[in-house]
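To start, the structure itself, in structure tokens.
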Amino acid sequence: MLLLDTHVWIWSVEEDARRVGRRARRLLSRAESHDNIRISPATVFEVTALHTSGRLRLALPLEQWIRQGLEVPGVRIAELSPAIAIDAGSIPRSALADPLDRLLVATARQLDATLLTSDTRILDYASDTGNVRVHAASV
């Protein structure tokens, strides 16, 4: 199972393949064919907040963009459970400052999923701790 970081989901929906590496595209394709791509509700929140603040321009109106992004074959919304919230809250801020990054890491751990990301802080955290599977989106 693959959990997409916010920027990877944006790139996928916007069909910006040049930012996603060959191996990552293969992982996405394989996961899509098995209905194994997950999007966190925190990612939907982040896209909405970025768009509302003017930091993200989308090709479609926000609600239509999100609806279409979630209707892609193989994509499902991940549950945001109490276990995920507790796990995320247990990750030290000194390890990952962004609370949404902590939610994504915790979601990946609870789902036993690989987090597809280009976020160096998350990639470094995974390398340092070994407690979450990640794949660099650029590879």
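From least to most packed, judged by other beta carbons within 10 angstrom and beginning with the fewest, Glu46, Glu14 follow the order Glu14, Glu46.
Looking at Gly21, Gly74, Trp11, which one has the Cα that reaches farthest to the positive end of the dipole of segment 1-78 (charges on Cβ: Lys, Arg +1; Asp, Glu -1)? Ranked along the dipole, the leading option is Gly21. Rounded to the nearest 0.05, the FRET efficiency derived from the C-beta distance between Glu32 and Ser94 at R0 = 25 Å is 0.10.
Placing unit charges on the Cβ atoms only, positive for Lys and Arg and negative for Asp and Glu, gives segment 2-136 a dipole magnitude near 360 debye about its Cα centre.
As a proxy for reagent exposure, ranking Ser118, Ser12, Ser81, Ser29 by other Cβ atoms within 10 Å from fewest up yields Ser29, Ser81, Ser118, Ser12.
Fewest neighbouring Cβ atoms within 10 Å first, the residues His34, His51 line up as His34, His51.
Per-residue packing, averaged as other Cβ atoms within 10 Å, sorts the ranges 98-108, 84-94 into the order 98-108, 84-94, beginning with the highest.
Positive contributions from Lys and Arg (+1) and negative ones from Asp and Glu (-1), summed over other residues with Cβ under 15 Å from the Cβ of Thr107, come out at -3. Taking Cβ atoms as reference points and 14 Å as the exclusive limit, the residues near Ser138 contribute a net charge of +3, counting Lys and Arg as +1 and Asp and Glu as -1. Considering only alpha-carbon pairs that sit under 8 angstrom and 6 or more positions apart, the relative contact order computed for the chain is 33 percent.
Placing R0 at 25 angstrom, the Cβ-Cβ distance between Asp16 and Arg76 gives a FRET efficiency of 0.70 after rounding to 0.05. Principal axis extents of the Cα atoms in the chain, from largest to smallest and rounded to whole angstrom, are 37, 32, 25.
Readers should treat all values here as calculations from the given coordinates under stated rules, not as data from a laboratory. As the structure is a computational prediction, the values presented were derived from the model and not from experiment. Neighbour counts run over all protein chains shown; Cβ positions are idealised from the backbone, glycine included.
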